[in-house]
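I am attaching a structure below and will ask some questions about it afterwards.
The values are calculated or read from the model by the stated rules, or taken from the named source; none is laboratory data. All figures in this text were calculated on a predicted structure; none of them were measured in a lab. So basically every Cβ, Gly included, is an ideal-geometry build from the backbone, and we count neighbours across all protein chains shown.
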Amino acid sequence: MALMTGEQYIESLRRLKTRVYMFGEQVENWVDHPIIRPSINSVAMTYDLVQDPEYADLMTAKSSLTGKTINRFTHLHQSTDDLIRKVKMQRLLGQKTGACFQRCVGMDAFNAVFSTTYELDEAKGTKYHENFVKFLEMIQDEDLVVDGAMTDPKGDRGKAPHAQPDKDLFLRIAERRPDGIVVRGAKAHQTGAVNSHWHLIMPTIAMREADADYAVSFACPSDAEGLFMVYGRQSCDTRKLEDPCSVDVGNSRFGGQEALVVFDDVFIP
């Protein structure tokens, strides 16, 4: 599949059945909502700059998995030069949008989970690394946005996950099945969650044996059955609803967003 344009990215979001809530109500057309759209525009810039000959070399990389040209936000870092180009790419996007472009945590998550699953398989004889590589190849080939999600609501931070009065304050495995797991809980303050195609979930803290149900990492699409997003309120979010010609409207074209991502018994194959 060819690298997407910004407009193709926006249209790809319309095809998702993502459940988004704001101000206590479900937002049916969240892609065009005036508060949410500026954050989508910021992510779209990560696609549009790929199409610009002036920036294409910086915004793309050759996949270490497939050898294909991919968006650098889906790349596994291979060298010091890759890291330098990553920082230059982020600086360029900051200059172009004046806002958060919401793909950095997902990119970092790819690199962390890639190495962690490799080490796990080497130690335990599992096949998690193989599963992850297949997942990442799909993300690269389809040119998708992935939200890297770690932060749990946590509850009493003096207690381990298994010791919480409410067991769902840390995301956990609620049921194990022969064909997968069912997860329950939430991930909080997830940057770009609403604007992402997929979510890559990781534990928020180091776990001990008693917390085995909480030591889980997986990926799922944004419109998975049982997954809901509560748009995170910001102090100036309603400025986006004001007259775009107003001197006080702020950055009306671009923006960022976070969400509480709720997993209400989501099946993970």
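When residues of the stretch 235-264 are filtered for being over 18 Å from T151 (Cα atoms) and touching a residue at least 24 places away in the same chain (Cβ under 8 Å), how many remain? Write out each step before concluding.
Looking only at the stretch 235-264, we keep the residues that are over 18 Å from T151 (Cα atoms), and these are 235-255.
Checking the rest, the ones that are also touching a residue at least 24 places away in the same chain (Cβ under 8 Å) come to 237-238, 240-241, 251-255.
Number of matching residues: 9.
Output yes when any residue across the stretch 115-132 is within 23 Å of S12 (Cβ to Cβ), modelled with pLDDT of 95 or more and within 21 Å of the chain's Cα centre (by Cα), and no when none is. Break it down stepwise before answering.
Just the residues of the stretch 115-132 that are within 23 Å of S12 (Cβ to Cβ), to begin with: 132.
Going one step further and asking which of them are modelled with pLDDT of 95 or more, we end up with 132.
Next cut, within 21 Å of the chain's Cα centre (by Cα) only: 132.
Checked against the condition, which is being within 23 Å of S12 (Cβ to Cβ), modelled with pLDDT of 95 or more and within 21 Å of the chain's Cα centre (by Cα), the stretch 115-132 yields at least one hit.
Still on this structure, please answer the following. Would you point out the residue of the stretch 42-56, among those that are buried (at least 20 other Cβ atoms within 10 Å of the Cβ) and of a type outside the set (A, V, I, L, M), that is nearest to E7 (Cα to Cα)?
If we take residues in the stretch 42-56 being buried (at least 20 other Cβ atoms within 10 Å of the Cβ) and of a type outside the set (A, V, I, L, M), then Y47 is nearest to E7 (Cα to Cα).
To continue, here is another question. Among the residues of the stretch 57-96, write down those that are part of a helix (DSSP H, G or I) and farther than 21 Å from G6 by Cβ.
Going through the stretch 57-96, the residues part of a helix (DSSP H, G or I) turn out to be 57-59, 72-74, 80-96.
Within the stretch 57-96, T80, D81, D82, L83, I84, V87 qualify.
Matching residues to (1) touching a residue at least 40 places away in the same chain (Cβ under 8 Å); (2) under 21 Å from Q102 (Cβ atoms); (3) touching a strand residue (DSSP E or B) at 6+ places or on another chain (Cβ under 6 Å):
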| position | (1), (2), (3) |
| --- | --- |
| V43 | yes, yes, no |
| Q51 | yes, yes, no |
| D57 | no, no, no |
| S63 | yes, no, yes |
| T69 | yes, no, yes |
| H77 | no, yes, no |
| T80 | no, no, no |
| I84 | no, no, no |
| K88 | no, yes, no |
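Give the residue that is surrounded by the fewest Cβ atoms within 10 Å (Cβ to Cβ), with candidates limited to residues of the stretch 61-77 that are over 15 Å from E142 (Cβ atoms) and touching a Lys or Arg at 6+ places or on another chain (Cβ under 9 Å).
At the first step, the residues of the stretch 61-77 found to be over 15 Å from E142 (Cβ atoms) are 61-62, 64, 67, 72, 76-77.
Going one step further and asking which of them are touching a Lys or Arg at 6+ places or on another chain (Cβ under 9 Å), we end up with 61-62, 72, 77.
Values: A61: 23, K62: 12, R72: 21, H77: 18.
Among them, the one singled out is K62.
Filter the stretch 208-243 down to the residues that are in contact with a helix residue (DSSP H, G or I) (Cβ under 7 Å, 6 or more places away or on another chain) and either under 26 Å from K17 (Cβ atoms) or modelled with pLDDT under 95 (or both) and list them by number.
Just the residues of the stretch 208-243 that are in contact with a helix residue (DSSP H, G or I) (Cβ under 7 Å, 6 or more places away or on another chain), to begin with: 210-211, 214, 217, 219, 240.
S217, A219, K240 - these are the residues of the stretch 208-243 that are in contact with a helix residue (DSSP H, G or I) (Cβ under 7 Å, 6 or more places away or on another chain) and either under 26 Å from K17 (Cβ atoms) or modelled with pLDDT under 95 (or both).
Could you count how many residues in the stretch 175-216 are touching a Ser or Thr at 6+ places or on another chain (Cβ under 8 Å) and either of a type in the set (D, E, K, R) or within 30 Å of Q8 (Cβ to Cβ) (or both)?
Taking the stretch 175-216 as the starting set, the residues that turn out to be touching a Ser or Thr at 6+ places or on another chain (Cβ under 8 Å) are 187-190, 192-204.
Narrowing the set further to residues that are either of a type in the set (D, E, K, R) or within 30 Å of Q8 (Cβ to Cβ) (or both) leaves 187, 189-190, 192-202.
Summing the residues that are touching a Ser or Thr at 6+ places or on another chain (Cβ under 8 Å) and either of a type in the set (D, E, K, R) or within 30 Å of Q8 (Cβ to Cβ) (or both) in the stretch 175-216 gives 14.
Those residues that are touching a helix residue (DSSP H, G or I) at 6+ places or on another chain (Cβ under 7 Å), aliphatic (A, V, I, L, M) and surrounded by fewer than 17 Cβ atoms within 10 Å (Cβ to Cβ), I need them from the stretch 157-207; list them, please.
Matches in the stretch 157-207: A160 only.
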